[in-house]
Amino acid sequence: MNKIFDSLNDAQRQAVEQIEGPLLILAGAGSGKTKTITSRLAYLLDTIGIPSSQTLTLTFTNKAAKEMRERAMGLITQNSFPPLLCTFHKFGLLFLKFHIHLLGRSNNFVVIDTDDKKKILKKINAELPTPLIASEISRYKNSMIDPQEAYAQAELTNYKNIAKIYEEYETYLLKNNLVDFDDLLCLSFKLLNDNPQLCVQTSQKYRYIMIDEYQDTNELQLRLLQKLCTSHNNLCVVGDDDQSIYGWRGAHVRNILEFDQDFADATVIKLEYNYRSTQPILTVANALIEHNRSRLGKTLIATKTGGDDVQTLTSHDESEEAKKIAKAIRTLLDKGVRASDIAVLYRINALSRSLEEGLNRGGVAYRLVGGLRFYDRAEIKDLISYLRVITNVHDNFSLKRIINKPKRGLGKATIEKIELAAMEAEKSMFEFISTLTDSELETLARKKSTQELRKFISEINELRIIAEEAMYKFIDQLEERFKIKETLHGLPDESDKVSNVDEFYGLFRDYVKQNPDAELAEFLNDITLQSDQDQIEGESIYIMSIHASKGLEFEHLFVIGMEEGFLPLIGDGSDLEEERRLGYVAFTRAKSNLTVSSVNSRFYKGRRTDLQKSRFINEAGLCEGSLILEKNTSFKKGDLIRHKIFGAGRVEGVSKSGREFKLLINFGGNKRDILASFVEKL
């Protein structure tokens, strides 16, 4: 028992010993949440004597599950069978193997991966973008919407078509006894929901349930947990509402904010002692996140002493920013700092382009985590291929990449047929197509496709002339004729891809402005040299998006792109509170030194634009005249109010909650604590 409680602080110890009833462990960044949850599991098995078969611990990645299992088993002195500690989807797989027969299906089903799913969908429909269809079907399943409901809800024709494809897809899976990734949870919930006896039996089997990273759960996962708690309420969830950054992926921050409403009489224990960062870093992070209204509220306290002040860096543009950061990193490396202790984070992937070029020029080796280098991204390779064909129409390799982008009705077999015929004629593909008559071309491709090919050849020829005569018009004409950005609409990562295309267009315009007499071939040669990192060897620093940095920590951290429009990202679908949580996650990755960087101008939507510093720099107290948003309330006891979900109610109490006010409201006998900003007076 002493081993389990070694080095736990009072709050962690309390969380470990609280084993009955719903428990929310609100674990701040760097507060030892993994230690707490693994110690709690070991306490259940080794001290209380709960059989491991009666526990269930779920997390989101196999890596996290493996680490937690090893750490928990390392604390156990009794001989104990390893507990079921796995991902949500692994649990779903095991559950279906035992019970899918209740759906009239065999348990020798096969789980298909994402690529298999896309191939099946492409066979069903090749017209609509496959990634869009796959994403929508996944969204439907995680919202427990069947094809008929999806069709009834759809207003636009394309979405009605997706609902029909969804129905065909489900029929195909059923016929071939296949399940996709989402089915592992979707079908498990269906089994528990449709079979009350099985639901009770399963709940009685797993008497003690723990969930890691609860802020990342979605609606389906919440509903599944409620089923698993049918016969008891021994559910412990660990998470941080301030680190909920996956709303775009379906995660619901309300699951953690309203845990006490989903699971009555819940206890909340806050882990606020931070073992990662120095106090100056935490002061900035705390100041920033306090501006969020939808949060439970906590303040991180450093256990490390000392620490340098957080630095701010202001540059004229992104090139100067990259140069300064490369120089600062070079200085750290020369002082003996390990490269792996240094990282640069950004909100938008397109920002990696200038950073990569600056690091290359500064001779700083880097490793891009969780993504492709800017010039390796598919949409950028497509653009470069267009430029290469315009520069050299005999470049068959580049032509094949773009001949059907955007779609011109040319299948793989047709392209291969054209390539083979061109080889036999001893001509390049472009030259060969250009010399064929319409009737000759129709022997190789369908009539509609031949018309598109003719238009393609004509547009390329016209762009070749523009490139020679008016380079400043060229990139706008390229987009106008081929509508590259339009082809990205509807893709799950559309905004990122469009941002990358805009970054490339802006780069081109800037190049022409600085080199008015340059030719297209010179621009291509320049970016080819800039994107070549082969000459750099040895240990590397890390560069990555803030999303990719979740769960990581670095001694020395730089956060770039701290401007309005970049962090926070502003526009359709953006959520300012989630953007602020992203800033908080970024800051709390730093252990010893944090530098936040902004520029006065940057390519914004393809144009060089003057930018304002991010409001987050202000809110974090990193510049003069920081905004202090002291929230107030005009509500008092006895007021009648309306809530958009719970309807009319009467205020029975008002209390302070951080910089917000919390109201105790009686909705016809059902009392709830709700933040004042979520209701209106009647």
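Computed values, structure above
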quantity: Straight-distance crosslink candidates among lysines, where the alpha carbon sits under 17 Å from LYS448 and sequence neighbours closer than 8 are dropped; calculated: LYS405, LYS407, LYS412, LYS417
quantity: Taking the C-alpha atoms of segment 195-347, convex hull volume expressed per residue in Å³; calculated: 171 Å³
quantity: Cα-projected label distance for PHE81 with HIS394, points at 7 Å along beta-carbon direction, nm; calculated: 7.3 nm
quantity: Whole-Hz ³J(HN,Hα) from phi, Karplus 6.51 cos²θ - 1.76 cosθ + 1.60, for segment 105-118, glycine and proline x; calculated: 10, 7, 7, 9, 5, 10, 8, 8, 8, 4, 5, 4, 4, 5
quantity: Pairs from LYS118/LYS485; LYS304/LYS327; LYS118/LYS175; LYS473/LYS605; LYS117/LYS141 whose Cα-Cα separation, in the structure shown, is over 20 Å; calculated: LYS118/LYS485; LYS304/LYS327
quantity: Cα centroid separation, segment 24-63 to segment 351-374 (Å); calculated: 38 Å
quantity: Taking the convex hull of Cα positions in segment 30-187, its mean projected area over all directions (nm²); calculated: 12.2 nm²
quantity: Alpha-carbon spread of segment 95-190, three principal axes, descending order, Å; calculated: 40, 25, 18
quantity: Residues whose placed amide H lies under 5 Å from that of ILE211, excluding near-sequence neighbours; calculated: LEU58, CYS236, VAL237, VAL238
quantity: All-pairs Cα distance distribution in segment 339-396, expressed in whole percent, bin size 10 Å; calculated: 19, 42, 25, 12, 2
quantity: Whole-Å distance, taken between Cα centres, linking segment 112-142 and segment 540-601; calculated: 32 Å
quantity: Hz values of 3J(HN,Hα) by residue in segment 331-338 - Karplus curve (6.51, -1.76, 1.60), Gly and Pro given as x; calculated: 4, 4, 5, 5, 7, x, 5, 5
quantity: With DNA, RNA and ligands ignored, accessible area of SER499 (1.4 Å probe; Å², nearest 10); calculated: 40 Å²
quantity: Net lengthening on full extension, ASP517/GLU431 (0.36 nm per residue, minus Cα-Cα); calculated: 28.1 nm
quantity: Rg/Rh ratio calculated on Cα atoms of segment 1-50 (Kirkwood radius); calculated: 0.94
quantity: ³J(HN,Hα) computed for each position of segment 382-398 - Karplus, 6.51 cos²θ - 1.76 cosθ + 1.60, integer Hz, glycine/proline x; calculated: 4, 4, 5, 5, 4, 5, 5, 5, 5, 6, 9, 5, 8, 7, 4, 4, 6
quantity: Segment 354-494 shape via C-alpha gyration tensor axes, a/c threshold 1.5; calculated: prolate
quantity: Under 5 Å, built H, 5+ apart or other chain: amide partners of ARG367; calculated: ILE541, TYR542, ILE543
quantity: Heavy-atom accessible area ranking, 1.4 Å probe, most first, across PHE98, PHE259; calculated: PHE98, PHE259
quantity: Cβ-based charge dipole, the chain, positive-most Cα from VAL559, THR283, ASN9; calculated: ASN9
quantity: Net lengthening on full extension, GLN148/GLN477 (0.36 nm per residue, minus Cα-Cα); calculated: 114.1 nm
quantity: Convex hull of the chain built on C-alpha atoms - directionally averaged projected area, nm²; calculated: 35.5 nm²
quantity: CD proxy at 222 nm, helix term only [per DSSP H run n ≥ 4: -39500 (n - 2.57); per residue of the chain; nearest 500]; calculated: -13500 deg cm²/dmol
quantity: Sparse-neighbour loop sites [GluC sites (Glu not before Pro); segment 141-195; at most 16 other C-beta within 10 Å; DSSP]; calculated: GLU155
quantity: Dipole moment magnitude, nearest 20 debye, the chain about Cα centre, only Lys, Arg, Asp, Glu C-beta charged; calculated: 1840 debye
quantity: Per residue accessible area of the chain, 1.4 Å probe, in Å²; calculated: 46 Å²
quantity: Cα-centre dipole for segment 343-382 with unit charges at Cβ (Lys and Arg positive, Asp and Glu negative), debye to 20; calculated: 100 debye
quantity: Linear extension gain, ARG642 paired with LYS681, 0.36 nm per residue minus alpha-carbon span; calculated: 13.4 nm
quantity: Charge dipole of the chain about the Cα centre (unit charges at C-beta), most positive-ward option of GLN477, GLY370, ALA264; calculated: ALA264
quantity: Placed amide H near THR217: partners under 5 Å, 5+ positions off or other chain; calculated: HIS252
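The values are calculated or read from the model by the stated rules, or taken from the named source; none is laboratory data. Quantities reported herein were computed from a predicted structural model and do not represent experimental measurements. FYI the Cβ positions are ideal-geometry reconstructions off the backbone, even for glycines, and counts take in every protein chain you see. Ligands, DNA and RNA are stripped out before the accessible areas are found, and what is left, the full protein with its side chains, is counted by its heavy atoms. Shrake-Rupley method; radii C 1.70, N 1.55, O 1.52, S 1.80 Å.
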